[in-house]
Amino acid sequence: MNRYTYPLMLSATLMLGSATALAEMPEEATLYKHPQCGCCDEYASFLEEETGVDVTIVETVDLEPIKADAGVPHGLGACHTIEMGNYVIEGHVPLMALQKLFEERPDVDGVGLAGMPVGTPGMPGEQQAPYEVYTFTDGKGTPFMTL
């Protein structure tokens, strides 16, 4: 073996591993948002570009019934709600958290990132503080991961 063989094999393994994680993502998602919220459109573009998920955008001025039906905990909501596979994704959840969700497939209703944190996918700027991603079931949130 020459000195390039190991790095090439490692690179190929990492690339295949990431392709496998993304391959486990659902093919389609539905994103519910307010008609005037542009960062939601940016998040939909992020999902399509980074995961290959085909995102359908549904505009509505009243997101509260959608969030309530999805079981999003009070006080942990964000600007958009997504139905993706058997899960609900609330807000600007980073890719690493989505990959973990679809790799582990926990018995939860969904995951979320409350508010509209600066630096998350779809939000401009640099990360200002750790992102606290939570899971939720039956309207109750639980810490999932910190990024």
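Rounded to the nearest 20 debye, what is the charge dipole size of segment 26-146 about its Cα centre when +1 sits on each Lys and Arg Cβ and -1 on each Asp and Glu Cβ?
Values: 5 positive and 21 negative charges, 80 e Å.
Taking the Cα centre of segment 26-146 as origin, the dipole is about 380 debye.
If neighbour count is taken as other Cβ atoms inside 10 Å, put Leu63, Leu95 in order from fewest to most. Working shown, then result.
Numbers: Leu63 19, Leu95 16.
Lowest count first: Leu95, Leu63.
Name the residues whose placed amide hydrogens come within less than 5 Å of the amide hydrogen of His80, ignoring near sequence neighbours (fewer than 5 apart) on the same chain.
Under 5 Å from the amide H of His80 lie the amide H atoms of Gly91, each far enough along the sequence or on another chain.
When the chain is fully extended, how far beyond the present Cα-Cα distance does Glu126 get from Lys140, taking 0.36 nm per residue of separation? Write down the numbers at each step before the final one.
Values: separation 14, 0.36 × 14 = 5.04 nm, distance 2.94 nm.
The Glu126-Lys140 span can extend by a further 2.1 nm.
Label-point separation (nm) for Glu24 and Asp69, each offset 7 Å from Cα along Cα-to-Cβ?
2.9
Please list, in chain and number order, the residues 5+ apart from Gly110 or on another chain whose amide H is under 5 Å from its amide H, with Hs placed from the backbone.
Val88, Phe136
Which of the peptides 30-40, 72-82 is most tightly packed, and how do the rest follow, judged by the mean count of other Cβ atoms within 10 Å per residue?
Numbers: 30-40: 16.3, 72-82: 19.9.
Answer by packing, highest mean first, reads 72-82, 30-40.
According to the Cα gyration tensor, what semi-axes, each the square root of 5 times an eigenvalue, does the equivalent ellipsoid of segment 26-146 have, listed from largest to smallest in whole Å? Each step should come with its number before you reach the end.
On the way: eigenvalues 63, 55, 48 Å².
Semi-axis lengths for segment 26-146 are 18, 17, 15 Å.
A short reminder: the numbers here are calculations on the coordinates, not readings from a lab. This structure is a prediction, so every number in the text was calculated from the model and none was measured. When we count neighbours, we look across all protein chains shown, and the Cβ atoms used for this are built from the backbone with ideal geometry, even at glycine.
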